[in-house]
Structure formats: structure tokens, C-alpha cells
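The values are calculated or read from the model by the stated rules, or taken from the named source; none is laboratory data. Because the structure is a prediction, the values reported are computed rather than measured. Virtual Cβ from ideal backbone geometry, glycine too; neighbours counted across all protein chains shown.
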Amino acid sequence: MLPKINAAFVEKLLTGFIRDELGRHGCRKALLGLSGGLDSAVCAALAARALGPRNVLALVLPCGTGFRGEVRDAEGLARRLGIRCETIDISPQIEAYFAADPKATRLRRGNKVARERMAVLYDRSAEEGGFVLGTSNKTELLLGYGTVYGDMACAVNPMGDLYKTQVRQLAEHLRLPAAIRRKAPTAALWPGQTDEGEIGLSYDEIDEILYARFEGRKSRKEIVAAGHKPAAVDLVLGRVKASEFKRHLPPIAKLSPRSVGHDILHPYDWGR
Amino acid sequence: MMNIALAQIVPKLGDVEANVALHLEVLEKARKKRAGLVVFPELGLTGYTLKDLVEDVALDPVKDPRFRRIAAATKGLAAVVGFVEESPSDRGLFFNAAALIADGRLVHVHRKVYLPTNGLFEEAKFFAPGREFRTVEAPFGRVGLLICRDFLHYGANYVHYAAGADMIVCISAAPGRGIEGGDAFTTSRMWELMGEAMSYFSTAYVVYANRAGAEDGVSFAGGSFVYAPGGKLVARAAYVDPDFVVTPVDLGAVREARRTWLFKRDEKPEAIWRSLERIVRAPED
């Protein structure tokens, strides 16, 4: 188990971050994809508290009819938080695309679904004049358990430095419904998918290994000595290494004395 | 006469085992070419853009079996090798280091003093700085080691010169910048200018080994070189691309140059030292 976080303090910091980051750009509105799962529920609750519920638009974006439970939970949460909510079935565009390519693998279809959700969110953000909030947590980011330019795409991400098990603590503090807090985490890229099933380890164990490596600065050997199975440690640390590219902007080939991304270094909040 | 080999390699980033194998391979090739000295680039055992990998690839050159394999492969010759050092006397501190190894024996470890930390450089975020320049005896003469940016601070070269170095060896991982300079990055000229000037006025050999390849979008400029005393270019490796150059040098040239140009005979380190002492103690003076 990771040490307990001070959830009230984290809530204060993250609502402040959302208000401040958007405010610097003259914006008071936010959009996010609401899946019925834990991360987007926490993000929606934080945004509602930071900006006021009516300034938050939640888009529920199921692909087909296989996700009725998720849709019901997401819509129920939106009502409870008082945020605006729309449900859009994205299966027509997905099916139209793959009609010409019926042999596409499940992974390709899943990534396409994640990117279609992103495209809808960004399109609606232009209409709404709002910012897209990211809901990828630290565990997902470190494992690379996300789709590049899909669910990883966003304007700002309040969740990215909280491990999954810390997001659970925050959810409890925010009094989110038990149905959402207790359900098995899923990216909902295909029916029946669960994160822990796909990765092969529980989030409790994944977080302990990541926490030991990055917060504790422990070596692989030390983490194994602390009682984790070598195969589990290798799985987690191997995923971190293999997914490094997902945590960077694409490298720019450096030619000149000062290059974008290398040594033209301006603050993100420049002049804001 | 002695052959110097410039090993302008492309190390694999963060993979010490692969780079040890590469070093052993190059040492074997150099031995066949009857090289007396093989110079590898800065952080050749680890790759350059290490960031948080620094502590994972650090090693103790006295104890580490991988490093000892390289040392064992220098029987009958000498090598300068770049690596990340963590020694028992400085636990938890990581140095960008250069080792001079000769005939299977570790002669000296230089820790990079000037750690560039500006623009694309982040070295002082991850490395502790070295605190001195020490000139040491190698089988072929007195040698002063420098690492990359050290070389561009002329005081560092001066210390080796004042200590009687016959040869200044600089290992480097210098990225190329500027595309208005013909067939090389513009910055390559800066290194050559320093090599020419230092060999001229130190009446010593200057050996510069840079690396090739690219990491995270940054290309290393290659262009390793040897200047003989008096600013004479003896050999230069390819710009940008990997290369392996073996060049004969006449170690008697140092004596010849010092008889012709009397900078070394007339040098007065004590005058420099007194002046520096005054400057360091009373900077407002």
C-alpha cells in the first residue's frame, strides 16, 4: 500500500490548478470524456468544484451498444455533479472506417476508438470555447497504458501525478458513488476489457512497484528483495522502458544553434 | 613513433554491456593496427543523454568486472575511456569521468570539471563536478585529460601545459549545431580552432575524440582530430559519421617544438599563480 495522501489538500491544489491554468488563457469552461470509470469521474468532480458545474461539459462516448452500464453510470454521475452531459455513440464513424478493413485487430480498433473520442472532444471544445481536460493518471502514464493522440491528448492534465490507488483515495474523499469507485478499471475499448486483466497485475501491486522505483529510487534488485515477484517487477519496469516515447513530444532533428524543443526554452505560462 | 587511434564510435544509450563489447571490439581492431593509444569519446560506455539513467549506469572503475575486462584488453597499449563514475569514497555522487588505462592498469581518472548546463545541456542536473586537473605519466609521456567542455576553458589546458604535459587528450560528446559551415556543423570549427591554438602555444600534442550518431534528435558532430605541436593537423576523422582513424605521431616533435618556440622554457607559472591567488582571494580588487 502506498502512504495515504491528504485528499483534502490534493483537492485544493488540483481545483486551484484547473481554475488557474484555464484562467490564464481567459477560459472558464472545460470538457472531458466521461466513461463511467474512476479517473474521469474524479476529474469531472474536481472540474465541477473548480469552475462551477455548469461550466463543465461531459461527453459520454460509447462505441456501440455494448457499454450500457458504463453509459448509465456516467450519465448518473453527471446529474449528481450537476454538470452538462451529452451522450454520442461513435460507432457509425468507427464502423464506416473499418467496413473496408474488417480484418483489423482489436488493438487497432481500440486505438481508433480512443482517437475518435479525442477528435470529438477537440471538435466540441472549439464550439464550446473550453479546454479539454486529460484524465490519464500517473500509473497509466508510466506504464504507457494509453493511446498516443487518443486518451493521452488533452490541454491540461490535473490527474497525471496521482497513482491509480491515490486516485481511489481522492474519489472516496470526493464522495463519488461506490458503484464507480468499486468497478474494475477499463479503457472500454472493447466490451469486457479490464485494465488489470490486460496488464496481468493488480493496480495495488503495480503502484507499489512504481512507487518503490520512482519515489523510493530503488533498483530492480531492491524491489524484488522487498517481496515482489521478479516477473511482476520486470513486467512493470519493462512497460515503463518500452513506453518512454509516449511521454515525449516527437524528437526534432537538431540542426541550428537554437531549436524548438531543444534550446528555445520558454515557460508554458509565458505572459499568461 | 607511436600510433594513435581515434575511436569515433556510436555508443548505445544506457546499455553498458553493449558498449563494453563495442569498446573491446575497437581495442582489438586498434591492437591489429599497432596502436599505442586508443581514445574513446566522452561517456562512450554509457551514451550521453542519460538524464535519470545516470545512476543506473554508474560504475566503480577499480572493482567493476565490466571495466576490468576493458582494462585487461589494454595489455601492451593505452586507452582513454569515458564512463559514469561512482566510487566508494564518494557514494551517491556521480561523475562524468575519463579513465587513462595503460597496460592493463588504471593510471588515472579525471572527473569533468566544467559541466555545461544551459540550452540543451543539463549535465549539472545529473553529475557532480570534478575539482582538479592532474597531469599524469603514461608509458609514452606526460598526459593531461580533459572532457569536452573542459577543453574550451583555456585555463584547464594551461594547467596541463604548466605541469609539463606532452599530450592533452580531450574526450568529447559534442553535439553539432549550425548548418552554414560546408560539410560539417558550424560548431566543429570551434573545437578545431582550440586544438590548433592549444597545440601551437602548449607545444604539445592535442588529441580530441568526439562521437558520432544521434540521441533524442541531437546529432554528435564527429570530426575527431590530432594536432601535433605547432598547430599541425595530423589526422581528422569524418564529420558526423562513425569513423576509426589510426595515425602515426612522432613523440620527439614535442622536444623539437620546445627548442624552436620557447613558450614553455619562458613560462612563469608562479607569476600566473600569484596573480590568480590575488584575483580569487579578493575578487573586488
Report task. Determine whether the stretch B:129-144 contains at least one residue that is crowded, with 24+ Cβ neighbours inside 10 Å and more than 14 Å from chain A (Cβ to nearest Cβ). Result -> yes
Report summary line: Here the residues within the stretch B:98-122 that are out of contact with any Gly (no Cβ under 6 Å at 6 or more places or on another chain), outside any strand (DSSP E or B) and more than 14 Å from chain A (Cβ to nearest Cβ) are B:Asp103, B:Gly104, B:Tyr114, B:Leu115
Report summary line: A:Glu198 vs (1) at pLDDT 95 or above; (2) assigned to a helix (DSSP H, G or I); (3) among the acidic types (Asp, Glu): all pass except (1)
Report task. Search the stretch A:48-83 for residues being among the small types (Gly, Ala, Ser) and in a helix (DSSP H, G or I), and hand back the single one that is farthest from A:Leu13 (Cα to Cα). Result -> A:Gly69
Requested in this report: Look through the stretch A:5-37, keep the residues that are in contact with an Asp or Glu (Cβ under 7 Å, 6 or more places away or on another chain) and not hydrophobic (A, V, I, L, M, F, W, C), and return whichever of them is surrounded by the most Cβ atoms within 10 Å (Cβ to Cβ).
Outcome: A:Ser35
Requested in this report: Among the numbered conditions (1) under 13 Å from the mean Cα position of the chain (by Cα); (2) surrounded by fewer than 16 Cβ atoms within 10 Å (Cβ to Cβ), tell me where B:Asn118 comes up short.
Outcome: (1)
Report task. Kindly check whether there is at least one residue in the stretch A:218-237 that is in contact (Cβ under 8 Å) with a residue 60 or more places away in the chain, surrounded by 17 or more Cβ atoms within 10 Å (Cβ to Cβ) and not in a helix (DSSP H, G or I). Result -> no
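Determine, yes or no, whether A:Ala45 is of a type outside the set (Val, Ile, Thr), part of a helix (DSSP H, G or I) and at negative phi.
yes
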Report summary line: Exception for B:Phe67 within (1) over 28 Å from B:Val218 (Cβ atoms); (2) touching a helix residue (DSSP H, G or I) at 6+ places or on another chain (Cβ under 9 Å) falls at (1)
Report summary line: The residue that is farthest from the other protein chains (Cβ to nearest Cβ), considering only those in the stretch A:223-240 that are of a type outside the set (Val, Ile, Thr) and either closer than 19 Å to B:Leu13 by Cβ or in contact with a Gly (Cβ under 8 Å, 6 or more places away or on another chain) (or both), is A:Leu235
Report summary line: From the option list A:Gln166, A:Gln93, A:Gln193, single residue qualifying as surrounded by 17 or more Cβ atoms within 10 Å (Cβ to Cβ) and either over 19 Å from A:His248 (Cα atoms) or hydroxyl-bearing (Ser, Thr, Tyr) (or both) is A:Gln166
**Report entry** Criterion violated by A:Asp89 - all others in (1) over 17 Å from the mean Cα position of the chain (by Cα); (2) in a helix (DSSP H, G or I); (3) within 29 Å of A:Ala178 (Cα to Cα) satisfied
**Finding:** (2)
Requested in this report: Provide a single number: the residues in the stretch A:112-148 that are surrounded by 23 or more Cβ atoms within 10 Å (Cβ to Cβ) and assigned to a strand (DSSP E or B).
Outcome: 1
Report task. For B:Arg34, indicate whether it is away from chain A (no Cβ under 14 Å), of a type in the set (Lys, Arg) and more than 23 Å from B:Arg236 (Cβ to Cβ). Result -> no
Query raised in the report: Would it be correct to say that B:Arg265 is assigned to a helix (DSSP H, G or I) and touching a Ser or Thr at 6+ places or on another chain (Cβ under 9 Å)?
Result: no
Query raised in the report: Can we say B:Arg149 is out of contact with any Cys (no Cβ under 8 Å at 6 or more places or on another chain), modelled with pLDDT of 95 or more, in a helix (DSSP H, G or I) and more than 14 Å from chain A (Cβ to nearest Cβ)?
Result: yes
Query raised in the report: Within the stretch B:152-162, how many residues turn out to be assigned to a helix (DSSP H, G or I) and either over 20 Å from B:Leu6 (Cβ atoms) or within 14 Å of chain A (Cβ to nearest Cβ) (or both)?
Result: 7
Query raised in the report: Since B:Lys75 meets every condition but one in (1) part of a loop (DSSP other than H, G, I, E, B); (2) more than 27 Å from B:Val254 (Cα to Cα); (3) touching a residue at least 12 places away in the same chain (Cβ under 8 Å), which condition does it not meet?
Result: (2)
Query raised in the report: In the stretch A:241-270, which residues are within 11 Å of chain B (Cβ to nearest Cβ), in contact (Cβ under 8 Å) with a residue 12 or more places away in the chain and surrounded by 14 or more Cβ atoms within 10 Å (Cβ to Cβ)?
Result: A:Gly261
**Report entry** Candidates A:Ala231, A:Ala171, filtered to the one that is modelled with pLDDT of 95 or more and more than 19 Å from the chain's Cα centre (by Cα)
**Finding:** A:Ala231
**Report entry** Total residues in the stretch A:178-195, condition out of contact with any Pro (no Cβ under 9 Å at 6 or more places or on another chain) and either assigned to a loop (DSSP other than H, G, I, E, B) or over 29 Å from A:Glu70 (Cα atoms) (or both)
**Finding:** 10
**Report entry** Number of the exception - B:Tyr154 against (1) over 24 Å from B:Pro11 (Cβ atoms); (2) under 15 Å from the mean Cα position of the chain (by Cα); (3) surrounded by 19 or more Cβ atoms within 10 Å (Cβ to Cβ)
**Finding:** (3)
Report task. Report yes if B:Ala78 is buried (at least 22 other Cβ atoms within 10 Å of the Cβ) and farther than 23 Å from B:Asp150 by Cβ, otherwise no. Result -> no
Report task. Could you grab the pairs with beta carbons closer than 8 Å, sequence gap of 6+ or different chains, first residue in the stretch A:97-125 and free of Cβ contacts under 8 Å to residues at least 24 places away in the same chain, second one among the charged types (D, E, K, R)? Result -> A:Tyr97/A:Lys112; A:Phe98/A:Arg109; A:Phe98/A:Lys112; A:Ala104/A:Lys112
Query raised in the report: Which pairs have Cβ atoms under 6 Å, sit 6 or more apart or on different chains, and link a residue in the stretch B:150-165 that is closer than 17 Å to B:Ala257 by Cα to one that is assigned to a helix (DSSP H, G or I)?
Result: B:Ala162/B:Pro269
